[in-house]
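The values are calculated or read from the model by the stated rules, or taken from the named source; none is laboratory data. These figures come from a predicted structure and were not determined experimentally. Ideal geometry is used to build each Cβ from the backbone, glycine not excepted, and the neighbour counts take in all protein chains shown. All accessible areas refer to the heavy atoms of the entire protein, side chains included, with ligands and DNA or RNA removed. Shrake-Rupley method; radii C 1.70, N 1.55, O 1.52, S 1.80 Å.
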Amino acid sequence: MKSRTKVVVIGGGIAGCSTLYHLTREGWTDVVLVERNELTSGTTWHSAAQVTNFGMNQTMVGLKRHSINLYKELAEDPDYPINYHHGDGGIRLANTPEQIQGYHHFASMARGMDVHFEVIGAEECARRHPLISTDNLLGGLWDPLDGDIDPAQLCQALARRARKAGAEVYRNTPVSGLTQHKDDTWTVHTEHGDIDCDIVVNACGYRVNEVGAMMGVHHPVASMEHQYFLTEEIAAIRDAGHRMPLLRCPISDYYCRQEKNGLLVGFYEQDCKTWGMDGIDPNFVNALCPDDLDRVTDVLEGAFARMPALMEVGIHTVVNGPITYTIDGAPLVGPIPGKRNAFCIIGLRAGLGEGGGHGWLLAQQIVHGEACYDTWCLDPRRFTGHANVEMTALKAIEDYQNEFRFHFPHEHRPAGRPAKTTPLTPILAAEGAEFTVVNGWERVDYIKPAPDFHPTLSFNFDETFDVVAAEVKNLQDNVGLAEVNGFNRLEITGDDRHAFLDRMMCGAVTKRNGRVGLGYLLNHHGMVKAEATIANLPASDRGPARVWYGSAAAGEYHDMDWLQAHLRDGEDVQIRSLTNDQTILVLAGPRSRDVLSACARGDWSREAFPWLSVRECFVGFAPATVLNISFSGELAYEIHIPNASLYAAYLALRKVGEDHGMTLFGARAIESMRMEKGFLHWKADLLTEFDPFETGLDRFVKLNKGDFVGRDALMKRNESGLQKKLVSLKVDTTEAPAHGGASLMLQGRVVGTITSGGWGHRMGMNLAYGFVDLEVSNPGSKMLLDLCGELVDAEVIAPSPYDPDLSRVRS
Ligand SMILES: Cc1cc2nc3c(=O)[nH]c(=O)nc-3n(C[C@H](O)[C@H](O)[C@H](O)COP(=O)(O)OP(=O)(O)OC[C@H]3O[C@@H](n4cnc5c(N)ncnc54)[C@H](O)[C@@H]3O)c2cc1C
């Protein structure tokens, strides 16, 4: 066994084998995999091993397409061919128009990745899958490339290729401990000796938290028991002359594929069960949980009704094994929060279909620092402090129960809520607030017109349209108040704070005390990594001179890791998070200055406190820090208040607000207004797949200011010119907003992809942002948007259509 290597991958299921293979493909061959037993002896060996193409976003579709292409290549390798039924096809069934509409959206989204789904009617479903009845069926989504693979052969093939390239695999070698050294390298302790390495990867399946504990972290991953059975031969299958396509059923929660001349049917029962919550028997190896078909009778009935042939055939094997879930159904693939040189590829619940792609994206992150796609939907840092073991289990159960039911826009399911709240949450609930969830925080979405107001889940504009319009209107004419909780706020102190931030940002962000600026952070490839509002506060009785770094709530762990990783030895910079201690009240609208002036002493005039200023004060008697900045495009103040004083500040503002026609507004109103202003959202419009010039952030880049992270790469990219451009679009329909991922088409060709969309209530315009090919990026360029299967006209417009010269913000 080697005593020193570059990377140790722990775990030899599909996750570990795929990572090891892809590390060698990316050029790192001095790498090792250690497995406590035999390869695939965790979950992988007994997987139903269906390989599908369907994903909820382009990253998922892209990585699954990679799996399929890779598996095809492996299957066709004459030296070591493996069993892969490639291209049996598969159908996701639907019995409501809303599901069908959703499938049309996913087809539009996948087309941008050159993956082609088809939405088909009930009769066509039955033609392609002759065993199914069309009762209570509207149609389905056809995926021509679905199939299934032999999981053990797949892992062996990957390990074999990795070994050929120079990697080593140590079986029957349990990892018993991990030690991280001062220089951030690791020693991996095993029963057969220690291995020193630069980087460790946790790929331990359901034992993820045994190895997590060895490095002092808890991963938000929980296991569920999951069952399928295999039937005897079915004559209709034997005689069909073709293989049966896969089936996924959101109506009755089962899946099904052909196995020999019978069927394999798997269940997602409502009466489901977590597994291993209080520890896992160390001898649970190549093992299964006891059969429990009684638990799945609810789902069985649905499967029997859809496929009557099942009622007449015997069951010869039942498989019940642990399957891992996270709190949003997607795995955790990337850097482990708060740790250096430590990565994970865990929480895979469709690891055979996805594993090829996840290993590929993880290896790219390890070797190059970033993958070819934006991997935020997989990033382990997307969950923060709320993601504990109990919350994870609740979400795992909910997700399991809804396995094939996709989330509609604005849908937030109830399990594990409320997770993060402020003292105002119950107050705002009593005011009629409906909440959305942002990084676990309950954030006001809009104020309900009636307690029993429940908008339809749909891809169309819903019943909140007029509610949001009214919130925007009052804000535009008078003044509105919103709580924005969970906003990521880092306090940066020390003499070198400005030099440090200057190195991290690609522009020249103000260093003047009392002033605020917006800056962008790039990665080492010159691509957009993060966005931050920088507020410079002078020394006061509240602390030394400091910078407040503000960014999206979801960026809490991500931004902290990125900043910490770039601190230099001896640099006088301290970073501390205030995210969970302070909350913002946003006061916006032409009368917001009147309200603020009436509750906070001082001169708040345009001259004394202009746009992009920051000042400490008291709102009533609540200590506050006020920024004159606006995400709405109206005169606005962000008032940052310690949570202990939040209610006091709220009462003061509400009392004065009564005289100024103040009403509450929520996230949907903010979303509408930021679309009109050309303001971008991190991880919707600001992605690591694009550089700041492609993203239209030219005015925030200063290439000649000296060195900064990503500068050299950006200069190089700049020489070869833009590939894509982010544009604002006007969409010609009043039926539905453009949804992220939807394709923009010209003469049958995809020319762009939507990142965000929504109705601009002040403009009376359906607006969207999208990255488009250069030749269609000029204002006036016309194209078609595939909006849930309907082709509607879309036209590029100048950015920031509402008050483009910012006269209202500066008023
Ligand atoms: C019944 C069932 C049906 C399924 N059907 C499908 C399907 O149709 N399609 C699909 O895509 N997915 C399916 N899945 C899910 C899929 O099987 C899993 O997502 C996948 O196998 C997980 O792989 P993994 O590598 O993450 O974990 P595992 O296969 O569990 O591998 C983890 C490995 O880590 C090793 N390990 C643990 N601790 C240590 C340690 N301390 N030291 C060294 N090694 C260690 C373990 O021994 C194990 O080999 C199914 C799952 C189940 C249970």
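Counting the residues of region 8-32 that are out of contact with any helix residue (DSSP H, G or I) (no Cβ under 9 Å at 6 or more places or on another chain) and buried (at least 24 other Cβ atoms within 10 Å of the Cβ) gives 1.
Of all the listed residues (ALA152, ALA159, ALA222, ALA165), the sole one being aliphatic (A, V, I, L, M), touching a helix residue (DSSP H, G or I) at 6+ places or on another chain (Cβ under 8 Å) and surrounded by fewer than 17 Cβ atoms within 10 Å (Cβ to Cβ) is ALA165. In the set (1) part of a helix (DSSP H, G or I); (2) away from the ligand (no atom under 16 Å from the Cβ); (3) buried (at least 19 other Cβ atoms within 10 Å of the Cβ); (4) not small (Gly, Ala, Ser), LEU93 fails one condition alone, (1). Does CYS377 satisfy the condition of being touching a Ser or Thr at 6+ places or on another chain (Cβ under 6 Å), within 30 Å of LEU63 (Cα to Cα) and open to solvent by 20 Å² or more (accessible area, probe 1.4 Å)? Taking the combined requirement at face value, the residue satisfies it. Being touching a Cys at 6+ places or on another chain (Cβ under 9 Å), modelled with pLDDT of 95 or more and either closer than 30 Å to LYS702 by Cα or surrounded by fewer than 18 Cβ atoms within 10 Å (Cβ to Cβ) (or both): is that true of GLY514 here? It is false that GLY514 is touching a Cys at 6+ places or on another chain (Cβ under 9 Å), modelled with pLDDT of 95 or more and either closer than 30 Å to LYS702 by Cα or surrounded by fewer than 18 Cβ atoms within 10 Å (Cβ to Cβ) (or both).
Check every one of the strands (runs of 3 or more DSSP E) wholly within region 255-344 and list those with 3 or more residues that are under 26 Å from ILE91 (Cβ atoms), within 16 Å of the ligand (Cβ to nearest atom) and touching a residue at least 12 places away in the same chain (Cβ under 8 Å). Correct list: 262-267, 315-325.
For (1) modelled with pLDDT under 95; (2) over 22 Å from ALA110 (Cβ atoms), each residue gets a yes or a no:
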| residue | (1), (2) |
| --- | --- |
| GLU676 | no, yes |
| LYS683 | no, no |
| ASP691 | no, yes |
| ASP698 | no, yes |
| SER720 | yes, yes |
| LYS725 | no, yes |
| VAL731 | no, no |
| PRO737 | no, no |
| MET745 | no, no |
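In the condition set (1) surrounded by fewer than 19 Cβ atoms within 10 Å (Cβ to Cβ); (2) assigned to a strand (DSSP E or B), VAL444 is compliant with all but (1).
In region 45-56, the qualifying residues are those that are surrounded by 22 or more Cβ atoms within 10 Å (Cβ to Cβ) and within 25 Å of the chain's Cα centre (by Cα), and the one that is nearest to the ligand (Cβ to nearest atom) is GLN50. Do we have SER133 as at pLDDT 95 or above, in a loop (DSSP other than H, G, I, E, B) and not acidic (Asp, Glu) here? Criteria met by SER133.
Select from region 449-482 the residues that are more than 20 Å from GLY757 (Cα to Cα), open to solvent by 10 Å² or more (accessible area, probe 1.4 Å) and outside any loop (DSSP other than H, G, I, E, B) and list them in ascending order. Passing the criteria: ASN474, GLN476, ASP477. For region 164-199, the set of residues classified as without any contact (Cβ under 8 Å) to a residue 60 or more places away in the chain and either within 11 Å of the ligand (Cβ to nearest atom) or within 14 Å of LEU39 (Cα to Cα) (or both) consists of SER176, GLY177, LEU178, HIS189, GLU191, listed by residue number. In the set THR59, THR96, THR52, only one residue is without any contact (Cβ under 8 Å) to a residue 60 or more places away in the chain and more than 25 Å from ASN172 (Cβ to Cβ); that residue is THR96. The number of residues in region 611-624 that are within 33 Å of the chain's Cα centre (by Cα) and crowded, with 23+ Cβ neighbours inside 10 Å comes to 2. Can you report the number of residues in region 345-370 which are out of contact with any strand residue (DSSP E or B) (no Cβ under 8 Å at 6 or more places or on another chain), more than 13 Å from the ligand (Cβ to nearest atom) and open to solvent by less than 10 Å² (accessible area, probe 1.4 Å)? Count: 1. Can you find even one residue in region 209-220 that is within 17 Å of VAL34 (Cα to Cα) and small (Gly, Ala, Ser)? Yes. Taken across region 642-655, residues that are part of a loop (DSSP other than H, G, I, E, B) and open to solvent by 30 Å² or more (accessible area, probe 1.4 Å) do not occur at all. Filtered by the rule that a residue be open to solvent by 20 Å² or more (accessible area, probe 1.4 Å), of a type in the set (A, V, I, L, M, F, W, C), in contact with a helix residue (DSSP H, G or I) (Cβ under 9 Å, 6 or more places away or on another chain) and outside any loop (DSSP other than H, G, I, E, B), region 674-730 gives TRP682, LEU703, MET715. All told, ASP374 meets the bar of being more than 9 Å from the ligand (Cβ to nearest atom), of a type in the set (D, E, K, R) and over 25 Å from ALA49 (Cβ atoms). Residues in region 11-39 that are near the ligand (Cβ under 6 Å from one of its atoms) and not hydrophobic (A, V, I, L, M, F, W, C): GLY11, GLY12, GLY13, GLY16, GLU35, ARG36, ASN37.
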